[in-house]
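Everything below concerns the one structure shown next.
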Ligand SMILES: C[S@@+](CC[C@H](N)C(=O)[O-])C[C@H]1O[C@@H](n2cnc3c(N)ncnc32)[C@H](O)[C@@H]1O
């Protein structure tokens, strides 16, 4: 079953975190189905501005009439690692009041079998957020070195059976190319020990492997690293950065970045005056925010979401 619906996670905390000014300029770097964007827009007046970016052409195409016809809104198909360029082209560098990145995949991407993200739905093994760029998961699996595959599954999937899974994938592909999602899911399932006891009720055995391959072929960690660095340059003083991650690796990257950008460099620590270029560029706002039990009850995707907020100094 395919859907065009994506329930935005941590909506209230995001709206409060962005500290929206009615005439401000906001960038939603992961537009998706515009769940967060639509709510941001409701808080803007006629002078406000909203720029939505997404690398998935379907996300941009599906923006509702009300959003895409709104003169305050501009939608850009592209990667958020090009944030600085997009913002500079619009002469908005240093003028952005709020930035939001809600990482990972959208529900429609997972629900649509043809996109190849889901081990539950039979479809071509693609997994590209932008189907017009890069290589599909199937193409990647056809040539990746076994040691690299093992590292990806272990690191990006945090999968303890990475060695067995990588071996099984390489053995299977030597016999026949792996082209369908359900083929990959079956290979992974047969490679890992059957779950027992409490483990039995847990996730599908291919969950972590699919996640790892998706993160790798879409270069998601590289995108995040680039966008965090650029975010500081586009925000105005007092502007807010909100990042929602669903993976502990991503959350760690965001946490580390915000901590480093908000601390005084060692040689100047405790000094009465610090040269402008060495002053902290961000101020961390509170701790990581997780979804409430109520939100998780109605939206299971929210269970691993962590929101971190920082302000440009
Ligand atoms: C979790 S969804 C966002 C959902 C959105 N906040 C909403 O409420 O509808 C993530 C979206 O970000 C997009 N995306 C992920 N990484 C991206 C990147 N590096 N550049 C641009 N878009 C990206 C995906 O294609 C997907 O549509």
> For the chain, what is the percent of antiparallel DSSP beta bridges, rounded to the nearest 5?
Replying inline: 40
>> Which order do the peptides 258-270, 211-223 come out in when sorted by mean C-beta neighbours inside 10 angstrom, highest first?
In response: 211-223, 258-270
> So what is the relative contact order for the stretch 129-198, in percent, with contacts set as C-alpha pairs under 8 Å and at least six apart?
Replying inline: 31
> Label residue 148 and residue 177 with points 7 Å out from Cα along Cα→Cβ: what is the distance between them in nm?
Replying inline: 1.8
> Using a simple spin-label model with points 7 Å from Cα along the Cα→Cβ vector, what separation in nm is obtained for residue 304 and residue 91?
Replying inline: 4.4
> Semi-axes of the chain's equivalent ellipsoid from the Cα gyration tensor, sqrt of 5 times each eigenvalue, largest first, rounded to whole Å?
Replying inline: 36, 23, 18
> Along the principal axes of its C-alpha atoms, what lengths does the stretch 236-313 span, in descending order and rounded to whole Å?
Replying inline: 50, 24, 17
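Would you kindly give the portion of the calculated P(r) for the stretch 1-63 that falls above 17 Å, as a percent of all Cα pairs?
On the way: 791 of 1953 pairs.
When all Cα pairs of the stretch 1-63 are counted, 41 percent exceed 17 Å.
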> If you average over every viewing direction, what projected area does the convex hull of the Cα atoms of the stretch 181-244 give, in nm²?
Replying inline: 6.7
>> I want to check the label-to-label distance for residue 19 and residue 114. Put each point 7 Å from Cα in the C-beta direction and report it in nm to one decimal.
In response: 4.5
>> For the stretch 156-268, what does the relative contact order come out to in percent, with C-alpha contacts under 8 Å and a separation of six or more?
In response: 27
> Pulled fully out, how much extra length does the chain show between residue 276 and residue 5, if you take 0.36 nm times their separation in residues and subtract their Cα-Cα distance?
Replying inline: 93.0 nm
> So how do 271, 127, 253 line up by other beta-carbon neighbours within 10 Å, fewest first?
Replying inline: 271, 253, 127
>> Relative contact order of the chain, please, whole-number percent, based on alpha carbon pairs below 8 angstrom and at least 6 residues apart.
In response: 19
> Evaluated at 4 °C with a viscosity of 1.567 mPa s, what Stokes-Einstein diffusion coefficient in µm²/s does the stretch 108-207 have when Rh comes from the Kirkwood expression over alpha-carbon pairs?
Replying inline: 93
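Mind giving me the FRET efficiency for residue 283 and residue 202? R0 is 41 Å, r the Cβ-Cβ distance, nearest 0.05 is fine.
Values: r = 39 Å, r/R0 = 0.95.
For residue 283 and residue 202, the calculated efficiency is 0.55.
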>> Running a GNM on the chain with Cα contacts under 10 Å, which residue among 257, 210, 31 ends up with the highest mean-square fluctuation?
In response: 257
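Any read-out appearing in this document is the output of simple, stated calculations on the displayed coordinates, not a laboratory observation. Model, not experiment: these values are computed from the prediction. Heads up, the Cβs are rebuilt from the backbone with ideal geometry, glycines too, and the neighbour counts pull from every protein chain shown.
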